[in-house]
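Below is one structure, written out as structure tokens; comments come after it.
The values are calculated or read from the model by the stated rules, or taken from the named source; none is laboratory data. What you see is a predicted model, and the numbers here were worked out from it, not measured in a lab. Cβ atoms come from the backbone with ideal geometry, glycine included; neighbour counts cover every protein chain shown. Side chains included, ligands, DNA and RNA excluded: accessible areas come from the protein's heavy atoms. Shrake-Rupley method; radii C 1.70, N 1.55, O 1.52, S 1.80 Å.
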Amino acid sequence: MKLYDSLTRQLRDFTPGNPPRVTVYGCGPTVYDLAHIGNFRTFVAYDLLHRHLRWRGFEVDFVVNLTDVDDKTIQGAAAAGLPLGEYTEPFVEAFLEDAATLGFLPFASHPRATAYIPEMVRLVEGLERGGHAYRGGDGSIYYGVASFSGYGRLSGKGGIESEGRSRIDAEALGKRDPRDFALWKLAGPDDEAVGAAWESPWGRGRPGWHLECSAMARSLVGETVDIHMGGEDLLFPHHENEIAQSEAATGRPLAHLWVHVRHLKVDAQKMSKSEGNFHTVRELVEEGYDPAAIRWALLGAHYRSELNFTSAGLDEATAALQRLLDFRRRVEELAVAEGAEGELADRSAELLGDFGRAMDDDLNVPRALAALWALVREGNTRLDREPTIGPGDRTALLAALAEMDGVLGVVELAAAARENAGAGKGRIQRLVEERDRARAARDFALADRIRGELAAEGIRLDDTPSGTRWRRVRVTAGHGPPRDGSKPVE
Ligand code: AMP
Ligand code: ZN
């Protein structure tokens, strides 16, 4: 299998350090608000790699961290007047729910940064002993970039920035070099107010964002992870700084391979709340989109190619899914005849081979989908010709489809969502009718109880002259600072 390695800027053969185990560390969401679909393009790519590696027989240890202490979570908690954990926990839950909605395999772990403070402190102590850390003029502990010769190798941005702004900022903070970054920040009033301050040898404070990932990766997957992933914006400074910290501390490479996912655009623009093109998974689901269609729309392009998210794209994904579901049902329901074996078993195996080779080639989803569609097309052509299918052909065809879907994770997800929607709608409809009968019998206590029960699930009833209608009302979240996909430079 080959993956594009951002560090060496080439496609590289992937060989895990300790097969059949593969360790992957993906930078996860900052839990100060709901993750948006841009974040989920990156996370769907994580899940795709996870599934593909599993299909190829690896035992995958996939860690995705939760950044629950940083400038944004602290600002959000302070503005809401809540302790940090109380503020971030609903966003942690929402992230895990959205991941389940999109059919993600469970992560091996999803560590919260706040649970690894002692490990972070130990890492800084090690860096200090090695001469890589110093106390800045503002009392914070900084990483001295000049002490690490490999700085800038990942991003190509190792040079001293000459821009005035960073120099002025650096002088104000008492940094030796504008490139130096905080490992440990001294606690300010907001940090103390929300409980984002911990004891340390350097005084009460909190970790810098980059340090968090270095410490969690080391604790959970060891000194060298097989694959380290993130969105393209994390190349610099986040991953460059992670490398500087981890490699200075251990003397070993932080990762064998660095994989970065290109940013999602929405309606050809950068997603932002002010542009009105800001979407979350749950909003799209509440608008009636199939989670499998959302997943499809996020994974249909190669992870390093541009991807523009539009409602037309979602509609196309919905139609594509329907075609796949129809095809599967057609094959399942077809009459089986012993004598009807043809070439479908062989073709299924060949096309499954093409699919696998495409995925082995740096997760080339467009090429893998071409194999999937060829299977559907050839299958349909053959079934149009003859109304029966041989048992071997049918088994092979359905198996190939299931294996492809095991990696893509869309068909089963769509089928499950349809079943749930059917079951859920039936129950809601039954409750609405029970309430109608209660109202007709003037049992208003029962009618109100049913209304209340449905309201608690986010379902609103409208009594109209032609009967009671129900609809899901949007549940809104997100009261933190605007999530525009950018990260403050810490
Ligand atoms: P954050 O919550 O900002 O820490 O980001 C979580 C993950 O989402 C990181 O891997 C980011 O690189 C990624 N990400 C942020 N915005 C986008 C976007 N528009 N498209 C794809 N990935 C993104
Ligand atoms: Zn990270």
### Message
So if I check each of R218, R252, which one is out of contact with any helix residue (DSSP H, G or I) (no Cβ under 7 Å at 6 or more places or on another chain), open to solvent by 10 Å² or more (accessible area, probe 1.4 Å) and among the basic types (K, R)?
### Response
R252
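Taking into account only those residues within the range 145-173 that are at pLDDT 90 or above and in contact with a strand residue (DSSP E or B) (Cβ under 9 Å, 6 or more places away or on another chain), which is farthest from N241 (Cα to Cα)?
Residue satisfying both the conditions and the ranking: S147.
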#### Entry: Exclusive hit being more than 16 Å from ligand 2 (Cβ to nearest atom), in the same structural domain as H50 (by TED's automatic domain parsing), outside any strand (DSSP E or B) and buried (at least 17 other Cβ atoms within 10 Å of the Cβ), set K175, K185
K175
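So is F62 under 22 Å from E240 (Cα atoms), assigned by TED's automatic domain parsing to the domain that holds E232 and open to solvent by less than 40 Å² (accessible area, probe 1.4 Å) or not?
Here the answer is yes, as F62 does meet what is asked.
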### Task
Can you work out which of the residues in the range 461-471 that are within 12 Å of Q429 (Cα to Cα) and open to solvent by 40 Å² or more (accessible area, probe 1.4 Å) is modelled with the lowest pLDDT?
R471
### Message
assigned to a helix (DSSP H, G or I), hydrophobic (A, V, I, L, M, F, W, C) and under 24 Å from T23 (Cα atoms): is that true of L127 in this structure?
### Response
no
### Query
Applying the selection to the range 318-337, what residues are β-branched (V, I, T) and under 29 Å from the mean Cα position of the chain (by Cα)?
T318
### Message
Can you go through A77, A99 and tell me which one is among the hydrophobic types (A, V, I, L, M, F, W, C), buried (at least 22 other Cβ atoms within 10 Å of the Cβ) and without any contact (Cβ under 8 Å) to a residue 60 or more places away in the chain?
### Response
A99
#### Entry: Breaking point among (1) among the small types (G, A, S); (2) in a helix (DSSP H, G or I); (3) surrounded by 14 or more Cβ atoms within 10 Å (Cβ to Cβ), for G342
(2)
### Summary
Out of (1) assigned to a helix (DSSP H, G or I); (2) open to solvent by less than 10 Å² (accessible area, probe 1.4 Å); (3) in contact with a strand residue (DSSP E or B) (Cβ under 9 Å, 6 or more places away or on another chain), the one L235 does not meet is (2)
